[in-house]
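Chemist: One structure coming up, written as structure tokens, with questions to follow.
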Amino acid sequence: MTRPTRAWRTAMVLATASLALTACGSNDNGNSAGSDSSASAKPSASSSAAAKGDGTFTVGTLLPQTGDLAFLGPPEFAGVAAAVKDINAAGGVLGKPVKEVKADSGDGTPDIAGAQTDKLLDANADVIVGAASSSVSLSVIDKITGAGVVQFSPANTSPALDDAKTDPKNLYFRTAPSDVLQGAVMANLIIGDGKNNVAILARQDSYGELLAGQIEKGIKAGGGNVAIKKLYSADATNFTAEVNAVAAAKPDAIVLVSFDETKKLVPQLKAKKVGPRDVQTYFVDGNTADYSKDFPKNSLTGTKATLPGADPKDFKKRLLATDPKLKDFTYGPESYDATVLSALAAISAKSDDPTTFAPKIIEASKDGTKCTSFADCKKLAEGGKDFDYDGVSGPIEMGATGSPTKASIGIFAYGPDNTYTNQKYIAGVI
């Protein structure tokens, strides 16, 4: 059998993933990092009665202040805060200022999300923006939606959240695309780099397993070989067995689907001569971060990464105005858009009752007059007109499951200072 050409293999990856992808170059720095998280706790039961509108639109934030994804918290909190500021500057929702209540999602170890969710429900949150971690969201989705409250994640990427059984009340939404897209883009990147014997080292949770599976599927569809796919416990503190297995496979590329434990994995891989400077290494949204203070210079030079989201462009300045200490910007735009879409839906429904405005969220994201700011969309909503909010994170355009059907994935590269810059963006239709 004739060996597949690189171009043919690339085409096979995209066809198998049922995606239409378009690349566009960018010279902007991409200081944005990370994504989903861990926690395999069983879904918790609702502890509150079904929510009803009280006339004040209240946004709760269930985002990581602690844990392995704590680096994602600042840009996400900043995105929500920027949205609330813009909404209130334009007259608020239903004639009143929007109220914001904050809580810490953690990363699932220890499990604090349930108790923190109760705090938000007790504060009469109409929408809870979060969690950042798919696994944490899965652990609290029954509690939130069972209370008749909208859950809107800016960072969940697990395909499991598109399962109708996960959200029978149709109260869950997200502005981050499913990992079906990120997996295909990563596989395409690896194949385009000419790598044929790939090792995948991933967290054993709903995020890690499903993203690793999508990457593996794409590589194989493109004619490449996955030498080994090794999963490790999300609670692990030592990775000797997993690293030894990866080294024994003698890969020409390694994909790390991980979180903060990357800081432990990289030195162990380096000790076995399969570190980022020895073997082409790839990061995903969960571990693409600023490592300038964590590793010696040149430790990650040449490492490539994928991050869901469109080019934030000037929106970075708005986030910095909210939090001048920001280093990473990942999921800040998505947090902003989740907040704005929820507020616009409440205005369209003329109610802050979540079960009343939830159906308007998908409608606000497509099939109407284009508008790109809360103020402009609000005028259309108050006039009873159909509108299509195109946000700072991209066109959004939600499908029936409340997930984006159009999205972008950024491709980044690390330099000698162990920070990353954007190379290009890939637009995709899911």
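Chemist: Give the stretch 373-386 a look and list any residue that's in contact with a Ser or Thr (Cβ under 8 Å, 6 or more places away or on another chain) and either open to solvent by 10 Å² or more (accessible area, probe 1.4 Å) or of a type in the set (D, E, K, R) (or both), or say none.
Modeler: Answer for the stretch 373-386, where residues must be in contact with a Ser or Thr (Cβ under 8 Å, 6 or more places away or on another chain) and either open to solvent by 10 Å² or more (accessible area, probe 1.4 Å) or of a type in the set (D, E, K, R) (or both): Leu380, Lys385, Asp386.
Chemist: While we're here: Give the stretch 84-100 a look and list any residue that's crowded, with 20+ Cβ neighbours inside 10 Å and aliphatic (A, V, I, L, M), or say none. Lay out the reasoning, then the answer.
Modeler: Start the filter on the stretch 84-100 by keeping residues that are crowded, with 20+ Cβ neighbours inside 10 Å, which leaves 84, 87, 93, 98, 100.
The answer is Val84, Ile87, Val93, Val98.
Chemist: What number goes with the only condition from (1) more than 20 Å from Pro97 (Cα to Cα); (2) open to solvent by 30 Å² or more (accessible area, probe 1.4 Å) that Ile396 does not pass?
Modeler: Result: Ile396 fails condition (2) only.
Chemist: Does Pro74 satisfy the criteria of being open to solvent by less than 30 Å² (accessible area, probe 1.4 Å) and within 24 Å of Arg318 (Cβ to Cβ)?
Modeler: No; evaluated as a whole, the condition is false for this residue.
Chemist: Next up: Residues in the stretch 216-235: is at least one modelled with pLDDT under 95, on the phi < 0 side of the Ramachandran plot and either in a helix (DSSP H, G or I) or of a type in the set (Asp, Glu) (or both)?
Modeler: Scanning the stretch 216-235, I find at least one residue that is modelled with pLDDT under 95, on the phi < 0 side of the Ramachandran plot and either in a helix (DSSP H, G or I) or of a type in the set (Asp, Glu) (or both), so the answer is yes.
Chemist: Is it true that some residue in the stretch 196-204 is closer than 25 Å to Asn156 by Cα and not aliphatic (A, V, I, L, M)?
Modeler: The answer is yes, given that some residue of the stretch 196-204 is closer than 25 Å to Asn156 by Cα and not aliphatic (A, V, I, L, M).
Here is a yes/no grid of residues against (1) buried (at least 22 other Cβ atoms within 10 Å of the Cβ); (2) part of a loop (DSSP other than H, G, I, E, B):
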position	(1), (2)
Pro251	yes, yes
Ile254	yes, no
Phe259	yes, yes
Lys264	no, no
Leu269	yes, no
Lys273	no, yes
Thr281	yes, no
Asn287	yes, yes
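Chemist: Asp328 is checked against (1) surrounded by 19 or more Cβ atoms within 10 Å (Cβ to Cβ); (2) charged (D, E, K, R); (3) at pLDDT 95 or above and fails just one. What number does that condition carry?
Modeler: Just one mismatch for Asp328, condition (3).
Chemist: Is there any pair linking a residue in the stretch 178-200 that is in a helix (DSSP H, G or I) to one that is open to solvent by 30 Å² or more (accessible area, probe 1.4 Å) and among the small types (Gly, Ala, Ser), with Cβ under 8 Å and at least six apart or on different chains, and which?
Modeler: So the pair list comes out as Ile191/Gly223.
Chemist: Sticking with this structure for a sec: Looking at (1) open to solvent by 10 Å² or more (accessible area, probe 1.4 Å); (2) more than 19 Å from Leu211 (Cα to Cα), which one does Leu120 not meet, given that it meets all the others?
Modeler: Every condition holds for Leu120 apart from (1).
Chemist: So, one more: Before we move on, is Asp417 open to solvent by 30 Å² or more (accessible area, probe 1.4 Å), assigned to a loop (DSSP other than H, G, I, E, B) and modelled with pLDDT under 95?
Modeler: Criteria not met by Asp417.
Chemist: Now, a different point. Return the total of residues in the stretch 210-248 being aliphatic (A, V, I, L, M), open to solvent by 20 Å² or more (accessible area, probe 1.4 Å) and more than 22 Å from Ser158 (Cβ to Cβ).
Modeler: Residues in the stretch 210-248 being aliphatic (A, V, I, L, M), open to solvent by 20 Å² or more (accessible area, probe 1.4 Å) and more than 22 Å from Ser158 (Cβ to Cβ): 6 in total.
Chemist: Return the total of residues in the stretch 136-166 being open to solvent by less than 10 Å² (accessible area, probe 1.4 Å), touching a Phe, Trp or Tyr at 6+ places or on another chain (Cβ under 9 Å) and either in a loop (DSSP other than H, G, I, E, B) or closer than 20 Å to Thr306 by Cβ (or both).
Modeler: Looking only at that region, the number is 7.
One line per residue, one yes/no per condition, for (1) of a type in the set (Asp, Glu); (2) farther than 18 Å from Val279 by Cα:
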| residue | (1), (2) |
| --- | --- |
| Gly218 | no, yes |
| Gly223 | no, yes |
| Ile228 | no, no |
| Thr237 | no, yes |
| Ala245 | no, no |
| Ala253 | no, no |
| Leu256 | no, no |
| Asp260 | yes, yes |
| Lys263 | no, no |
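Chemist: Out of the residues in the stretch 385-400 meeting the condition of being within 24 Å of Leu94 (Cβ to Cβ) and assigned to a loop (DSSP other than H, G, I, E, B), tell me which one is modelled with the lowest pLDDT.
Modeler: Checked the stretch 385-400; the qualifying residue modelled with the lowest pLDDT is Ile396.
Chemist: Would you check which residues across the stretch 101-114 are in contact with a strand residue (DSSP E or B) (Cβ under 9 Å, 6 or more places away or on another chain) and either open to solvent by 10 Å² or more (accessible area, probe 1.4 Å) or in a helix (DSSP H, G or I) (or both) and list them?
Modeler: Across the stretch 101-114, the qualifying residues are Val101, Lys102, Asp104, Ile112, Ala113.
Chemist: Sticking with this one: In the stretch 190-209, which residues are surrounded by 23 or more Cβ atoms within 10 Å (Cβ to Cβ) and either within 16 Å of Phe283 (Cβ to Cβ) or under 19 Å from the mean Cα position of the chain (by Cα) (or both)?
Modeler: Within the stretch 190-209, the subset surrounded by 23 or more Cβ atoms within 10 Å (Cβ to Cβ) is 190-191, 198-203, 205-208.
Passing the criteria: Ile190, Val198, Ala199, Ile200, Leu201, Ala202, Arg203, Asp205, Ser206, Tyr207, Gly208.
Chemist: Given the conditions (1) under 23 Å from the mean Cα position of the chain (by Cα); (2) more than 29 Å from Thr405 (Cα to Cα); (3) not in a loop (DSSP other than H, G, I, E, B), report the number of the one that Leu300 does not fulfil.
Modeler: (3)
The values are calculated or read from the model by the stated rules, or taken from the named source; none is laboratory data. Quantities reported herein were computed from a predicted structural model and do not represent experimental measurements. So basically every Cβ, Gly included, is an ideal-geometry build from the backbone, and we count neighbours across all protein chains shown. The area values use the complete protein model at the heavy-atom level, side chains included, leaving out ligands, DNA and RNA. Shrake-Rupley method; radii C 1.70, N 1.55, O 1.52, S 1.80 Å.
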